[in-house]
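Inspection log for the structure reproduced underneath, given as structure tokens.
The values are calculated or read from the model by the stated rules, or taken from the named source; none is laboratory data. Fair warning: this is a prediction, and the values are worked out from it, not measured in the lab. Cβ placement follows ideal geometry from the backbone for every residue including glycine, while neighbour counts extend to all protein chains displayed. SASA here: full protein model, heavy atoms, side chains in, ligands and nucleic acids out. Shrake-Rupley method; radii C 1.70, N 1.55, O 1.52, S 1.80 Å.
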There are 2 protein chains.
Amino acid sequence: MPRQLLVIGGDAAGMSAASQARRLLGPDALAITLVERGDTTSYAACGIPYWVAGLVDKRSRLIARRAEVFREKQHIDVRLHHEATAIDTAARTVTVRDLDADAEVTFPYDDLLIATGAQQVPPPVEGLDTPGVSGVQTLGDGQRILDAMASRSPRRAVVVGGGYIGLEMAEAMQLRGLDVTLIDLAPQPMTTLEPELGTQIADAMRTMGIDLRLGTPLTGVEAGADGWVRAVTTPDGTIDADLVVLGTGVRPRSALAEAAGIPVGPSGGIITDDRQATPVDGVWAAGDCAETVHRVSGRPVSFALGTVANKQGRIAGLNLGGAEGRFPGVLGTAVTKVHDLEIARTGLSVREAEAAGLRPVVSRITAGTRAHYYPESSEMTVLLIVEEDTSRLLGGQIVGGPGAGKRIDVLAAALWNGMLVEDLVQMDLAYAPPFSPVWDPVLTAARRAAGSPG
Amino acid sequence: MPRQLLVIGGDAAGMSAASQARRLLGPDALAITLVERGDTTSYAACGIPYWVAGLVDKRSRLIARRAEVFREKQHIDVRLHHEATAIDTAARTVTVRDLDADAEVTFPYDDLLIATGAQQVPPPVEGLDTPGVSGVQTLGDGQRILDAMASRSPRRAVVVGGGYIGLEMAEAMQLRGLDVTLIDLAPQPMTTLEPELGTQIADAMRTMGIDLRLGTPLTGVEAGADGWVRAVTTPDGTIDADLVVLGTGVRPRSALAEAAGIPVGPSGGIITDDRQATPVDGVWAAGDCAETVHRVSGRPVSFALGTVANKQGRIAGLNLGGAEGRFPGVLGTAVTKVHDLEIARTGLSVREAEAAGLRPVVSRITAGTRAHYYPESSEMTVLLIVEEDTSRLLGGQIVGGPGAGKRIDVLAAALWNGMLVEDLVQMDLAYAPPFSPVWDPVLTAARRAAGSPG
């Protein structure tokens with residue numbers, strides 16, 4: 001009898017783990033069953049805004065690999081429309097509802113990987129089930145928005161939330177020709193960046209024609225006579241809307257694990273060690289539902305990021321397949337864009353650094369993305385957060401034109417290696433006029449942060 | 001009496017050093033005189049191809065700061081058209097020819113910084129002084145090519161040399177509407193990259209319509225009846241040419257120093273310590289004329305790169321100004337492009353690694369620059385050179401479409417920190433569909449190099 005690996009969740013972390021384990025162990029040594037409550041495996045949730053925008057022509061292009069391929073090529077028994085409802089860690093079984101048959105099935109396991117992802121935290125208001133109001137979590141959400149655009153020719157969209165998804169959906173709605181209002185209860189968009197950059201982003205978004213309403217919570221949703229959404233309400237008044245997109249935050253989907261006595265940490269994610277094993281024998285967790293360690297603060301954190309989910313899935317799969325893998329923690333590196341404005345961050349913000357008991361100082365420079373004389377150079381701002389006593393880099397944030405965003409990776413690499421800003425200044429980065437000023441803006445920022453006289 | 005700093009050479013290294021020293025010490029403490037044989041300070045030699053291409057409209061845009069500004073704002077006594085001809089390290093004087101007055105002047109110094117740059121190594125043939133044949137070293141060179149294009153409406157250009165400058169000038173000539181033949185005596189363009197990438201670059205250049213002749217040395221230059229160049233000769237025949245651009249290599253311009261008994265190392269560059277001090281008391285060197293240490297091989301090297309010149313100039317200036325600065329060596333990171341093809345490298349090639357007594361292995365992947373479903377994703381190849389015994393990264397090379405080239409900086413950061421490829425795999429880089437696949441190509445390359453099963 002092969003060992004039985006059961007995986008809950010068929011997206012990045014779950015499928016990466018299953019595939020990775022399969023590459024190490026054949027079906028004779030390891031049977032793999034995977035239950036997924038949706039109708040798709042391995043889809044790129046991050047791609048939904050671009051599909052809605054019309055930049056991706058077909059829903060199927062967002063699916064990295066279909067369930068049949070996992071079944072046929074990798075002998076992974078993928079069960080779609082199967083929702084896990086309870087875990088019994090003593091009996092080593094999972095109760096699963098077959099949504100098509102409306103029946104309950106019990107799956108035994110030797111090893112269980114929980115990869116249930118994240119769930120949206122909706123605004124605490126009534127009426128979110130009004131037709132025309134949608135999240136952006138699943139392909140179904142995207143399809144609903146596209147269907148509404150096709151059938152109702154909406155003119156006005158309200159996007160709720162000014163984080164990554166909110167900004168991307170604001171862009172998507174504008175590309176579809178809608179008038180866009182974005183509301184956020186925070187005083188700035190992109191609250192993971194410092195306020196001074198938030199202001200810069202807000203100004204740029206307004207220049208793009210996005211009606212940005214900050215410090216503005218959603219208080220309600222109004223439906224028209226046909227039942228379709230007609231407006232949203234806020235303390236500052238009513239905003240007409242033919243479509244409402246919820247781009248509010250997410251949290252780890254860990255309730256199933258918690259109900260089974262599998263420990264959940266302060267971030268809300270399932271606690272694991274660096275092999276992705278939970279404290280409960282035979283139970284593993286990976287991806288958005290799991291907690292991990294921030295490499296700079298040493299604190300437990302959860303990030304709903306595809307990069308982290310893929311990497312943790314791979315590590316879980318290595319260990320489940322009998323190899324060795326250790327997940328070394330995260331920096332929270334992320335990038336997005338609204339039209340031509342690129343926004344990226346890595347490491348700790350000032351607030352996060354202070355919460356970790358560190359003493360951060362901030363420095364900031366503005367420079368060109370290319371040599372000043374080269375066509376289409378655009379401005380970019382690099383903000384560095386540095387530990388006052390040691391000059392160790394704690395975090396970095398970038399806002400700027402095309403070519404700015406991915407430069408965050410150099411700061412991520414510097415953070416990863418615990419570099420001091422005065423060492424970063426010297427780093428031998430690539431230069432040619434179409435690519436960079438001779439001092440890359442990242443190095444100029446490090447010079448400033450190092451207090452160099454010039 | 002202030003101390004007297006004399007600087008030979010008014011480009012990146014010399015001007016950086018002078019400015020940096022001035023920021024630390026005022027004119028009462030330090031008098032700075034700088035002699036430059038040309039007519040310009042601080043010009044962007046790297047920008048010349050783009051000026052010739054018509055992408056930069058005015059010569060003056062390539063000048064970062066004019067001599068008058070250094071004189072007025074920084075009290076640096078800049079003497080243009082002044083060529084240093086001899087150094088007396090015992091008397092602490094430099095003999096300088098005033099090219100305008102055609103007279104000799106002797107300058108005393110307490111500290112001397114040699115920043116004489118690099119000089120082209122021309123092909124060993126007659127006729128290189130034929131009108132219509134030009135290097136791309138100085139603004140004067142660029143002006144000559146532009147003048148020829150304006151006055152003679154050339155149709156055919158021959159570019160000699162398939163390195164950075166050769167490729168950039170081939171692009172420039174094509175953008176100006178000329179038919180371009182590029183000849184190189186090597187069997188591939190970009191010999192600083194591995195042959196497999198050289199082939200990829202050669203194929204792409206031919207697709208761009210560049211008539212690429214490899215393994216083809218220049219044997220001569222033929223002039224027409226009016227004295228202007230008419231053709232070049234090679235062992236494989238004559239190639240018609242209305243313009244000939246020499247993009248052959250450069251070497252440190254160190255003869256002046258060597259003649260004065262200042263030691264020159266195996267790379268041909270002036271030997272310095274990590275403060276940019278030569279072994280001769282009171283004599284310093286920085287930039288293309290100086291030798292430095294390769295951080296991966298530990299070997300002495302010289303690179304003619306603006307980034308290195310600026311950084312070394314800054315370090316020399318810090319020390320000359322009474323502060324502390326140590327230059328930590330180079331990786332030889334560089335990037336260029338021909339039209340949409342970006343080419344970058346950092347660290348050691350296979351040959352360089354073997355010459356340093358290391359045992360390199362090569363791995364290579366091809367991936368998209370963006371999510372596969374996102375518009376305008378293009379292919380990129382990442383080649384990693386890894387030490388067999390330790391799995392330490394030794395070098396990286398990238399060839400690919402827009403967005404590929406600057407990713408070399410992540411590999412440079414990994415090399416800078418001596419990372420192993422299995423640690424690089426885990427690094428937390430930024431992802432969003434417009435910027436990257438969920439596994440950045442650099443990480444995918446590291447996975448392959450680490451021998452990950454997937």
Worksheet item: Only one of B:Leu212, B:Leu218 is touching a residue at least 12 places away in the same chain (Cβ under 8 Å) and assigned to a strand (DSSP E or B); which?
Response: B:Leu212
Discussion item. I'm trying to understand the selection: among the residues of segment A:255-277, which are open to solvent by 10 Å² or more (accessible area, probe 1.4 Å) and polar (S, T, N, Q)?
Written reply: A:Ser267, A:Thr272
Discussion item. Exactly one of these conditions fails for A:Gly451: (1) within 13 Å of chain B (Cβ to nearest Cβ); (2) more than 25 Å from B:Leu411 (Cα to Cα); (3) touching a residue at least 12 places away in the same chain (Cβ under 8 Å). Give me its number.
Written reply: (3)
Fill in: Identity of the residue in segment B:94-132, among the charged types (D, E, K, R) and surrounded by fewer than 21 Cβ atoms within 10 Å (Cβ to Cβ), that ends up farthest from B:Glu68 (Cα to Cα)
B:Glu126
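Can you spot a residue in segment A:169-176 that is at negative phi and touching an Asp or Glu at 6+ places or on another chain (Cβ under 8 Å)? Walk me through how you get there before you give the answer.
At the first step, the residues of segment A:169-176 found to be at negative phi are A:169-176.
Narrowing the set further to residues that are touching an Asp or Glu at 6+ places or on another chain (Cβ under 8 Å) leaves none.
No, there is no match, as no residue in segment A:169-176 is at negative phi and touching an Asp or Glu at 6+ places or on another chain (Cβ under 8 Å).
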Worksheet item: When residues of segment B:403-414 are filtered for being open to solvent by 10 Å² or more (accessible area, probe 1.4 Å), of a type outside the set (D, E, K, R) and either facing chain A (nearest Cβ under 7 Å) or part of a helix (DSSP H, G or I) (or both), how many remain?
Response: 0
Discussion item. Condition (residue is more than 27 Å from A:Gly332 (Cβ to Cβ) and in contact (Cβ under 8 Å) with a residue 12 or more places away in the chain) applied to segment A:185-206: is it met by at least one residue?
Written reply: no
Fill in: Condition check for B:Thr238: in a strand (DSSP E or B) and more than 17 Å from B:Val121 (Cα to Cα)
yes
Worksheet entry | Among residues of segment B:155-204, those that are closer than 17 Å to B:Trp51 by Cβ and open to solvent by 20 Å² or more (accessible area, probe 1.4 Å), counted | 6
Discussion item. I'd like to know if segment A:422-440 contains one or more residues that are without any contact (Cβ under 8 Å) to a residue 12 or more places away in the chain, over 27 Å from the mean Cα position of the chain (by Cα) and assigned to a helix (DSSP H, G or I).
Written reply: yes
Worksheet item: Could you list, in sequence order, the residues of segment B:249-283 that are part of a loop (DSSP other than H, G, I, E, B), more than 24 Å from B:Arg326 (Cβ to Cβ) and of a type in the set (D, E, K, R)?
Response: B:Arg253
Response to the item:
Just one listed residue, out of A:Ala13, A:Ala91, is hydrophobic (A, V, I, L, M, F, W, C), within 14 Å of another protein chain (Cβ to nearest Cβ) and either open to solvent by 50 Å² or more (accessible area, probe 1.4 Å) or more than 30 Å from A:Leu243 (Cα to Cα) (or both), and it is A:Ala13
Worksheet item: Does A:Asp440 meet the test of being at the interface with chain B (Cβ under 8 Å from one of its Cβ atoms), under 21 Å from B:Leu305 (Cβ atoms) and surrounded by fewer than 24 Cβ atoms within 10 Å (Cβ to Cβ)?
Response: yes
Worksheet item: Are there any strands (runs of 3 or more DSSP E) wholly within segment B:307-401 with 1 or more residues that are within 11 Å of chain A (Cβ to nearest Cβ), buried (at least 24 other Cβ atoms within 10 Å of the Cβ) and not hydroxyl-bearing (Ser, Thr, Tyr), and if so which?
Response: B:334-338, B:341-347, B:393-400
Discussion item. From the list A:Val69, A:Val52, exactly one residue is open to solvent by less than 50 Å² (accessible area, probe 1.4 Å), out of contact with any His (no Cβ under 8 Å at 6 or more places or on another chain), modelled with pLDDT under 95 and not small (Gly, Ala, Ser). Which is it?
Written reply: A:Val69
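Can you find even one residue in segment A:234-251 that is under 21 Å from the mean Cα position of the chain (by Cα), in contact (Cβ under 8 Å) with a residue 60 or more places away in the chain and over 30 Å from A:Ser153 (Cα atoms)? Quick ask: steps written out before the conclusion?
If we filter segment A:234-251 for residues that are under 21 Å from the mean Cα position of the chain (by Cα), which is where we start, we get A:244-251.
If we keep only those that are in contact (Cβ under 8 Å) with a residue 60 or more places away in the chain too, we end up with A:244-251.
Keeping just the survivors that are over 30 Å from A:Ser153 (Cα atoms) gives A:251.
Yes.
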Worksheet entry | Every residue from segment A:19-44 that is open to solvent by less than 40 Å² (accessible area, probe 1.4 Å), hydroxyl-bearing (Ser, Thr, Tyr) and more than 10 Å from every other protein chain (Cβ to nearest Cβ) | A:Thr33, A:Thr40, A:Thr41, A:Ser42
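Residues checked against (1) touching a residue at least 40 places away in the same chain (Cβ under 8 Å); (2) part of a helix (DSSP H, G or I); (3) within 19 Å of the chain's Cα centre (by Cα); (4) more than 10 Å from every other protein chain (Cβ to nearest Cβ):
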position	(1), (2), (3), (4)
A:Cys46	yes, yes, yes, no
A:Tyr50	yes, yes, yes, no
A:Val56	no, no, no, no
A:Ser60	no, yes, no, no
A:Arg71	no, yes, no, yes
A:Val78	yes, no, no, yes
Worksheet, complete the sentence: Per the list (1) over 20 Å from A:Gly265 (Cα atoms); (2) out of contact with any helix residue (DSSP H, G or I) (no Cβ under 6 Å at 6 or more places or on another chain); (3) in contact (Cβ under 8 Å) with a residue 60 or more places away in the chain, residue check on A:Ala344 breaks on (2)
